[in-house]
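In what follows, a single structure is set out as structure tokens and then discussed.
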Amino acid sequence: MAGLLGPEQLLAAIAGHLVNGSALIGWARELGDLHATLLTSDVDGAQRPVDYDEADLRDQIVQVVGEIDEWAVFRLPRPSGARRHTHSLGEVISHVAKNFAAAWWTIRHTEDEQLRHEAWFHLGQVREGYADLVADIHARRVELPLGWHGIRPAPGDMTSTEVSRGR
């Protein structure tokens, strides 16, 4: 289990404040950057980079999640008889990174104190959920699934966002 990040380490890695150590640090930072780019582009199209490609960003997220899951298979216990978790380690870290990006975007871009408080509170809940998961992994009370890349659109197909927006 060497290299599994605690909750404060994970948030610091996502923010780019940790640079050396476990391979998870680099992957967490990469997921934070990818989710921040998606969020910024969704919220403010004017902030979209010229070479913005949503499908490519989502594929990169899937790829990083897969690398984390592969890392976890060889380093985390798979206790028999433990309760099963619904998400792989990569999916969980991606979820934390997505919520981190959303909370910080909200804090930096809104004057609504209630909304800022809600964003910060939600990130705190996500952090606590991750802390509980780490404790369960160390105590061998949980077995994480191996992960699945899911269904992805074929090249040239519309992205999920385009489909949901009716484009």
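In a reduced charge model with +1 at each Lys and Arg Cβ and -1 at each Asp and Glu Cβ, the range 7-155 shows a dipole moment near 660 debye about its Cα centre. Per residue, the convex hull spanned by the Cα atoms of the range 1-114 measures out at 130 cubic angstrom. Comparing mean-square fluctuations of 65, 73, 43 from a GNM of the chain with C-alpha springs under 10 Å, the top value falls on 43. Only one residue of 15, 57, 133 has its Cα farthest out toward the positive end of the dipole of the range 7-155, where Lys and Arg carry +1 and Asp and Glu -1 on Cβ, and that residue is 133. The percentage of C-alpha pairs in the range 13-54 whose separation is greater than 13 Å is 55%.
Helical content alone sets the calculated 222 nm signal of the chain at -21000 deg cm²/dmol, taking -39,500 (n - 2.57) per DSSP H segment of four or more residues and averaging over every residue.
Amide H contacts under 5 Å for residue 48: none, restricted to partners 5 or more places along the chain or on a different chain, H placed in the peptide plane at 1.01 Å from N.
Descending by average beta-carbon neighbour count within 10 Å, the peptides 14-27, 50-63 line up as 14-27, 50-63, the highest first.
Order the peptides 98-107, 116-125 from the highest to the lowest mean number of other Cβ atoms within 10 Å of their residues.
98-107, 116-125
Between residue 121 and residue 80, the contour length at 0.36 nm per residue exceeds the Cα-Cα span by 11.3 nm. Below 8 Å between Cα atoms, with a sequence gap of 6+, how large is the relative contact order for the chain in percent? After rounding, I find 27 percent.
We did not get these values from a lab; they are worked out from the coordinates using the rules stated. Keep in mind it's a predicted model, so treat the numbers as computed, not measured. Neighbour counts are summed over all protein chains in view; Cβ atoms, including those assigned to glycine, are modelled from backbone coordinates with ideal geometry.
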